[in-house]
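All of the numbers you see were taken from the coordinates with simple rules; none came from a lab. A quick note: this is a predicted structure, and the numbers were derived from the prediction, not measured. Note that we place each Cβ from the backbone using ideal geometry, even for glycine, and neighbour counts take in every protein chain shown.
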Amino acid sequence: MGYIPVVRIPPVLLMHLRSTFPLGWRGIHGASHWARVAGIGERLAFENGARLDVVRLFAFFHDSRRIDDGHDPMHGHRGAELAIALRGTHYEIDEAGLDLLVEACQGHSDGGTTRDVTIQTCWDADRLDLGRVGIVPDARFLGTRAARRPEVIRWAYEWSTRAMRAAPPPPASPLPAN
Ligand SMILES: [Fe+2]
């Protein structure tokens, strides 16, 4: 029986992120990736005690300011800035939670690990969704015990690749081929 996550994010925040996201909503760094990171993060958080609100918010902010699906080293910092800017108008969180969210967003693409279980859970959830780009998550790059368990890696990989297989083919170009 697979784990069924319950992803909650304020609709006003989701609408804002959707209307301002610079890249493809259905792309590799778009909404389905955010939803899976939230779901994977929830599974990890229920096991390891990470702050669930931070993990959920990280999922929706961390790639929200990407301007390139490839090399974009500052996107986490821009995502953190957006999280700071929208706090109080689009979602609520306490000071300690905001600090964790900002640090998690800023450092998520540096490839490191941290001793903070909430931040590490955010990063692990992101890394566990690599199946969508054809990569099997490597336990050596995961920092929480919950994330390194083979059945969790298998579950996340299956979810990620299933989503990729289910994606509809891109629309045909309106321009004539030449
Ligand atoms: Fe991501």
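GNM, the chain, Cα, under 10 Å: largest mean-square fluctuation among 77, 29, 16?
The residue with the greatest mean-square fluctuation here is 16.
Taking only DSSP H segments of four or more residues, each worth -39500 (n - 2.57), what value at 222 nm results for the chain once the sum is divided by all its residues, to the nearest 500 deg cm²/dmol?
-16500 deg cm²/dmol
Spelling out what I want: for every residue of the range 46-51, take phi, set θ = phi - 60°, compute 6.51 cos²θ - 1.76 cosθ + 1.60 (Karplus), and round to whole Hz; glycine and proline get x.
Ordered by residue, 3J(HN,Hα) equals 5, 8, 10, x, 4, 6 Hz.
Determine, for 124, 110, 129, 116, the number of other Cβ atoms within 10 Å of each Cβ, and report the residues in order from fewest to most.
Going from least to most buried by this count: 110, 116, 129, 124.
For the residue pair residue 136 and residue 154, what label-to-label distance in nm results when each label sits 7 Å from Cα along the Cα-to-beta-carbon direction?
Each label point is offset 7 Å from its Cα along the Cβ direction, giving 1.2 nm.
Whole-Hz Karplus ³J(HN,Hα) for the range 74-89, in order, using 6.51 cos²θ - 1.76 cosθ + 1.60 and θ = phi - 60°, x for Gly and Pro?
The phi angles translate into 9, 5, x, 5, 5, x, 5, 4, 5, 4, 5, 5, 8, 5, x, 10 Hz.
Taking the number of other C-beta atoms within 10 Å as the exposure measure, put 37, 54, 12 in order starting with the fewest. If you can, show how the numbers build up before the last one.
Details: 37 29, 54 26, 12 12.
By the 10 Å Cβ count, ascending, the order reads 12, 54, 37.
Enumerate the calculated ³J(HN,Hα) couplings along the range 92-105 in order (Karplus 6.51 cos²θ - 1.76 cosθ + 1.60, θ = phi - 60°), each rounded to whole Hz, writing x wherever the residue is Gly or Pro.
Running phi through 6.51 cos²θ - 1.76 cosθ + 1.60 with θ = phi - 60° gives 10, 7, 7, 4, 5, x, 5, 4, 5, 4, 5, 5, 5, 5 Hz.
What would the Debye formula give as log10 I(q)/I(0) at q = 0.18, 0.22, 0.24 Å⁻¹ for the alpha-carbon point model of the range 1-96, no solvent?
Rounded to two decimals, the profile gives -0.84, -1.20, -1.35.
Mind giving me the nanometre distance, one decimal, between the label points for residue 162 and residue 84, set 7 Å out from Cα along Cα→Cβ?
Inter-label distance under the simple model: 3.9 nm.
What list do you get for 75, 90 if you sort them by fewest beta carbons within 10 Å?
Placing the least packed residue first, the sequence is 90, 75.
How are the C-alpha pair distances of the chain spread across 10 Å bins, as whole percents from the shortest bin up?
10, 40, 36, 11, 3, 0
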